[in-house]
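Take a look at the structure set out below.
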Amino acid sequence: MNHEQAQNLLPAYVDKELSLSEVVDFERHFNSCTKCQLEYQEQARVSTLIKNNALYFEAKPELAERIESVITVDLSKAFPQKIQGHFWNLNWPGSWDGIWGSKGAIMASLAALIISTSLFFATPSAQEKLTEELTASHIRSLQANHLSDVISTDQHTVKPWFNGKLDFAPPVIDLTATGFPITGGRLDYINGKTIAVIIYHHNKHPINLYIWPNTSGDSAMHATARKGYTLVHWATGGMNYWAVSDLEATKLVSFAEKLQAQVSVN
Ligand SMILES: [Zn+2]
């Protein structure tokens with residue numbers, strides 16, 4: 001990857017939206033390019049600022065058009081942060097300088113509209129935050145080459161390894177016979193809790209199975225996708241389960257169903 005290609009991918013890298021293979025390609029250039037690193041720091045700073053102030057939202061195109069039709073200010077001048085299609089990255093008050101003049105009143109109402117709209121659109125649900133956190137953990141476990149704290153293909157080694165490390169006993173289910181061998185286990189920190197992760201493999205694809213006690217009733221199995229990964233969630237028998245993998249959804253659901261069937265037998 002050359003500098004220009006890396007620059008194009010930089011915003012997505014900052015927002016952690018690249019796939020694992022893209023990250024690997026990107027970092028091959030990035031790690032030896034000071035320009036890219038400086039640009040990264042700047043974009044990461046802006047990105048944090050925006051998220052911290054909840055001034056980050058995806059406006060529907062109709063909304064953008066409506067706002068543009070009622071105001072006379074050129075938005076692209078008012079907000080030097082680029083306006084790309086319907087995706088707005090607003091960074092102010094930095095960009096406030098120089099536009100707070102006769103159009104102040106209009107801008108103030110626009111600001112009020114943006115703030116209320118952004119609060120409405122931006123607040124991610126607890127579930128979204130959780131899937132975000134799990135996906136990040138999954139990616140980290142692959143990147144840092146830190147998939148397992150205990151490496152074993154034997155459930156009788158993995159199961160006792162968790163003893164004394166957690167205040168619950170995660171079910172460690174052997175699924176070798178169905179093509180999903182256990183390869184290890186580790187502790188992770190998700191949603192403010194230390195939780196168990198059991199690592200399975202299927203044709204060289206790792207599956208991170210996150211387990212922690214569930215306090216809010218059983219929940220049926222459902223699959224979601226995030227950043228190119230599949231997440232399958234269900235809750236049963238007092239435990240929350242999240243399986244995360246780059247396997248296709250049908251495979252991962254099949255894994256989850258086999259596991260769930262075994263959990264209820266044990
Ligand atoms: Zn570069």
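The values are calculated or read from the model by the stated rules, or taken from the named source; none is laboratory data. It should be emphasised that the depicted structure is a prediction, and the values quoted were computed from it without experimental measurement. Counting neighbours? That spans all protein chains shown, and the Cβs are built from the backbone with ideal geometry, glycine included.
Remarks
- Leu187 outside any loop (DSSP other than H, G, I, E, B) and assigned by TED's automatic domain parsing to the domain that holds His146: yes
- Among the residues of the stretch 133-163, those that are under 20 Å from Asn191 (Cα atoms) and β-branched (Val, Ile, Thr) comprise Thr135, Ile139.
- Filtering Ser21, Ser76, Ser47 for residues that are at pLDDT below 65 and more than 16 Å from the ligand (Cβ to nearest atom) leaves a single hit, Ser76.
- Thr176 vs. criteria touching a Leu at 6+ places or on another chain (Cβ under 6 Å) and in the same structural domain as Gln155 (by TED's automatic domain parsing): no
- Any hit, the stretch 220-236, residues being under 16 Å from Pro181 (Cα atoms) and in the same structural domain as Asp174 (by TED's automatic domain parsing): no
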